[in-house]
Amino acid sequence: MSLRTIVCAGGGGVGKTTTSAALALALARQGHRTLVVTVDPARRLASAMGVAVDAEVHEARVDQASTGRLFALMPEPRRSTRTFIDLLFADEPEAKARMLKNRVYLLLADAAAGMHEVVSLMLVAKAIEEHAFDYLVVDTAPSRQGLDFVSYPGRLATLYEGRAVTWLGNLARGDEGESSGGLFAAGRRRVEGLFGRLVNPTTLADLAGLFAELAIVKDRFARLARVSEQLLLGDLTRYLLVAAPTGSAAADADYLRRRLKRLGQRPTALVLNRADESVPDWLSALETAGGLAADLAAALGTVHAEFHARQRAGDHLAEVLGKSVPGVPAVRLPTLEARDPSQIVRQLADRLAPRLSLLAGV
Amino acid sequence: MAEAPTAAEGFPPLSPIVLVTGKGGVGKTTLAAGLAEAAARRDGGAVLVEFGDGDSGARVLGRGSKVRHEVVEPRTALEMSVGRLLGSKMLAKVFTGNFAVRRMLRAAPALRELAMLDAVGVIADAAKGRRVVVDMPATGHGLAWMRLPMQMRDLFGSGGLYELSERLVRRLVVPSACSVVVVTLPERMVLQETLELCGALQREVGMPPARLVVNRFPAELPPDAIAQARALAASSGAGAGEAAEQLVALLEARESARAEALATLRDAPSVGVALRPLLLPVAAGDPNAAQVAEWLLREDAA
């Protein structure tokens with residue numbers, strides 16, 4: 001069986017990581033070997049699942065029914081640039097040593113937004129070459145830009161597939177390049193002059209050096225980039241839009257829907273978290289029974305009001321999204337409160353199990 | 001265990017520029033709009049800066065607000081910055097229009113972020129002393145943003161980008177000119193991570209956060225509620241007992257989350273953060289800027 005990918009996208013704070021873990025658990029319980037990848041690892045969830053936050057695939061321990069079939073990859077964001085170098089320069093120790101001393105690299109190691117997503121994908125590409133999985137569940141970064149990484153490997157790849165690297169190298173060496181006459185060269189010299197006003201020669205040399213090192217491993221990079229692109233944009237990929245009643249949920253979902261459209265994709269389903277459909281039966285039962293002590297009655301009132309507020313917010317969210325993402329079926333999930341995050345994942349997986357054909361195409 | 005931060009210590013005043021930072025979904029936009037709204041009510045005007053397409057700030061502010069809403073598109077910001085550096089918009093167009101340059105700029109995110117900070121400086125210069133509140137993007141934490149100008153300055157050494165970085169260090173990485181407000185949630189690991197970042201902001205860039213806002217903080221339960229729920233669960237028959245057990249589980253989960261968050265905040269001085277947290281209670285819906293502004297003014301934190 002070929003690998004099927006499910007990408008969970010959504011704004012921040014909507015429960016994407018927990019939903020992704022629960023979906024992976026539900027698939028593993030049904031006998032599918034499943035790998036869940038979180039781009040923004042929640043340490044508490046990682047430890048509750050018995051998974052280390054590092055660059056390796058680990059078997060997750062959540063329950064008996066999924067034993068041996070649920071795996072997780074939760075890369076450490078703060079080490080992503082280093083992991084990137086380790087991955088690409090595995091067979092090039094000398095270039096790697098030069099790279100690690102490059103001043104531009106040292107800056108990027110800290111500041112490169114988007115790098116972590118790319119690295120996570122590359123680790124996935126490596127993982128699926130080494131292990132066989134039936135399903136891959138990808139938890140994207142918690143922002144509207146969460147889907148940018150789909151095109152990022154390609155963007156980086158074109159950077160040094162094209163003339164940019166050669167041009168920069170020539171510029172750093174002070175070369176005229178291959179042709180020194182004609183209009184094209186004149187335009188180029190003008191741009192080069194402007195470039196020199198912004199960046200001094202030392203930094204330019206560092207920058208060119210960085211690209212020269214990267215050029216050594218460009219075949220490896222291009223292969224990993226192709227594998228990641230295939231994973232995210234292939235025929236066996238599904239996109240789920242995850243939302244919750246937060247202020248920007250509807251706007252985020254609409255933005256992501258448009259972003260997906262530009263990638264030639266359409267969401268398969270909406271997952272609405274913390275969107276309780278009703279006040280739970282047990283709560284109503286206690287209220288009807290009455291005769292409660294004063295403090296308990298007050299606490300019950302608070303809890304009831306919160307359920308009710310979430311129910312209204314959930315109704316509103318479902319209505320708004322029904323308009324902005326028409327024709328996409330929604331799975332509405334209640335708020336789950338538990339101390340242990342793995343307990344929440346298990347409860348959520350119970351709720352997702354009957355909807356797996358819609359969510360994962362099982 | 002360290003002493004709890006006391007309510008007697010007031011909040012330090014906020015500087016003319018306020019950067020609101022935090023992870024995605026913690027309520028940054030709402031708080032940033034609330035801070036701008038509060039300043040506008042007090043001073044007669046304020047600016048809210050948002051990066052991206054700008055619909056979030058407009059939605060939270062609502063109509064009739066005196067806050068001026070500035071939207072900065074990251075890609076345009078870079079072109080504008082380059083234009084200012086080269087002294088002409090036309091030269092900037094020639095430059096950023098070049099194929100190789102365009103590819104490089106797209107692949108070098110740190111430059112785009114530098115330009116976004118530059119845009120904040122330009123807006124603040126035009127604001128004539130009115131408060132400028134910036135809703136920072138969810139990508140990259142506050143420390144990375146504050147460190148960026150110094151890193152770029154050290155990297156470039158000389159030239160236009162060096163001058164820009166140097167200007168931003170002087171303009172933004174100075175507590176008297178710019179305050180950092182950190183927004184977070186009461187979940188323990190999120191809180192712990194946030195507090196460590198707050199400590200690092202102080203140690204590494206000399207910019208201790210001026211406010212730490214813990215959003216969606218659960219309301220306190222009446223003191224005997226859990227004990228009474230347990231007693232009910234123990235004394236009831238099958239059906240009612242089960243319902244009571246559900247309630248016990250829910251109340252306990254809630255109370256322990258609350259206690260954990262308070263304990264983490266009490267230990268905050270161990271990571272070098274000595275500031276009183278602002279606990280924004282769970283609202284019955286999604287608060288708008290006006291409601292948050294009233295709360296901030298009431299807490300004397302605006």
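Residue by residue, here is whether (1) crowded, with 17+ Cβ neighbours inside 10 Å; (2) assigned to a strand (DSSP E or B); (3) within 25 Å of the chain's Cα centre (by Cα); (4) in contact (Cβ under 8 Å) with a residue 12 or more places away in the chain holds:
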residue	(1), (2), (3), (4)
A:259	yes, no, yes, yes
A:288	no, no, no, no
A:316	no, no, no, yes
A:331	yes, yes, yes, yes
A:357	no, no, yes, no
**Request:** Scan B:190, B:271 and give me the residue that is within 29 Å of residue A:76 (Cα to Cα), surrounded by fewer than 19 Cβ atoms within 10 Å (Cβ to Cβ) and at pLDDT below 90.
**Result:** B:271
**Message:** Looking at segment B:134-149, can you tell me whether even one residue there is on the phi > 0 side of the Ramachandran plot and buried (at least 19 other Cβ atoms within 10 Å of the Cβ)?
**Reply:** yes
**Message:** For the structure I just gave you, tell me whether residue A:17 is buried (at least 23 other Cβ atoms within 10 Å of the Cβ) and either under 29 Å from residue B:215 (Cα atoms) or touching a Cys at 6+ places or on another chain (Cβ under 9 Å) (or both).
**Reply:** yes
**Prompt:** Among the strands (runs of 3 or more DSSP E) confined wholly to segment B:173-292, which include 3 or more residues that are farther than 19 Å from residue A:306 by Cα?
**Reply:** B:178-184, B:211-217
**Request:** Could you run through segment A:19-44 and say how many residues are under 13 Å from the mean Cα position of the chain (by Cα) and in contact (Cβ under 8 Å) with a residue 40 or more places away in the chain?
**Result:** 9
**Message:** Taking the criterion of being modelled with pLDDT of 90 or more, closer than 25 Å to residue A:254 by Cα and within 14 Å of chain B (Cβ to nearest Cβ), would at least one residue in segment A:312-324 satisfy it?
**Reply:** yes
**Request:** Being buried (at least 17 other Cβ atoms within 10 Å of the Cβ) and either modelled with pLDDT of 85 or more or in contact with a Lys or Arg (Cβ under 9 Å, 6 or more places away or on another chain) (or both) is the filter here, so list the residues in segment A:103-113 that pass it.
**Result:** A:109, A:111, A:113
**Fill in**
For segment B:223-247 the number of residues that are within 7 Å of another protein chain (Cβ to nearest Cβ) and closer than 11 Å to residue A:299 by Cβ is 6
**Prompt:** Of the conditions (1) free of Cβ contacts under 8 Å to residues at least 40 places away in the same chain; (2) among the charged types (D, E, K, R); (3) not in a loop (DSSP other than H, G, I, E, B), residue B:50 fails just one. Which one is it?
**Reply:** (1)
**Asked** Before we move on, is residue A:137 crowded, with 21+ Cβ neighbours inside 10 Å and at pLDDT 80 or above?
**Response** yes
**Request:** Hey, can you tell me all the residues within segment A:218-250 that are within 14 Å of chain B (Cβ to nearest Cβ) and either outside any helix (DSSP H, G or I) or over 17 Å from residue A:148 (Cα atoms) (or both)?
**Result:** A:218, A:221, A:242, A:243, A:244, A:245, A:246, A:247, A:248, A:249, A:250
**Out of A:305, A:338, A:360, sole residue that is modelled with pLDDT of 90 or more and of a type in the set (A, V, I, L, M)** = A:360
**Asked** Out of segment A:44-70, which residues are surrounded by 17 or more Cβ atoms within 10 Å (Cβ to Cβ) and in a helix (DSSP H, G or I)?
**Response** A:45, A:46, A:48, A:66
**Prompt:** Is it the case that some residue within segment A:279-294 is more than 30 Å from residue B:236 (Cβ to Cβ) and away from chain B (no Cβ under 11 Å)?
**Reply:** no
**Request:** May I ask you to list the residues in segment A:195-205 that are buried (at least 20 other Cβ atoms within 10 Å of the Cβ), at the interface with chain B (Cβ under 8 Å from one of its Cβ atoms) and assigned to a helix (DSSP H, G or I)?
**Result:** A:195, A:198, A:203
**Request:** Being more than 11 Å from chain A (Cβ to nearest Cβ), surrounded by fewer than 18 Cβ atoms within 10 Å (Cβ to Cβ) and on the phi < 0 side of the Ramachandran plot is the filter here, so list the residues in segment B:46-67 that pass it.
**Result:** B:63, B:66
**Request:** Quick one: in segment B:196-222, of everything that is over 24 Å from residue B:287 (Cβ atoms) and of a type in the set (A, V, I, L, M), which residue is farthest from the other protein chains (Cβ to nearest Cβ)?
**Result:** B:207
**Message:** It is to be established whether one or more residues within segment B:99-114 are surrounded by 21 or more Cβ atoms within 10 Å (Cβ to Cβ), touching a Leu at 6+ places or on another chain (Cβ under 7 Å), modelled with pLDDT of 85 or more and of a type in the set (A, V, I, L, M).
**Reply:** yes
**Item:** Of the criteria (1) over 17 Å from residue A:334 (Cα atoms); (2) surrounded by 16 or more Cβ atoms within 10 Å (Cβ to Cβ), which one residue A:294 fails
**Value:** (2)
**Asked** Quick one: is residue A:278 hydroxyl-bearing (Ser, Thr, Tyr) and either touching a residue at least 12 places away in the same chain (Cβ under 8 Å) or in contact with a helix residue (DSSP H, G or I) (Cβ under 8 Å, 6 or more places away or on another chain) (or both)?
**Response** yes
**Item:** Among (1) crowded, with 16+ Cβ neighbours inside 10 Å; (2) out of contact with any Asp or Glu (no Cβ under 6 Å at 6 or more places or on another chain), the one test that residue B:266 misses
**Value:** (1)
**Message:** I'd like to check something: does segment B:155-163 contain any residue that is away from every other protein chain (no Cβ under 12 Å) and not aromatic (Phe, Trp, Tyr)?
**Reply:** no
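The values are calculated or read from the model by the stated rules, or taken from the named source; none is laboratory data. Predicted model, so just to flag it, every value in this text is computed and none were measured. Note that we place each Cβ from the backbone using ideal geometry, even for glycine, and neighbour counts take in every protein chain shown.
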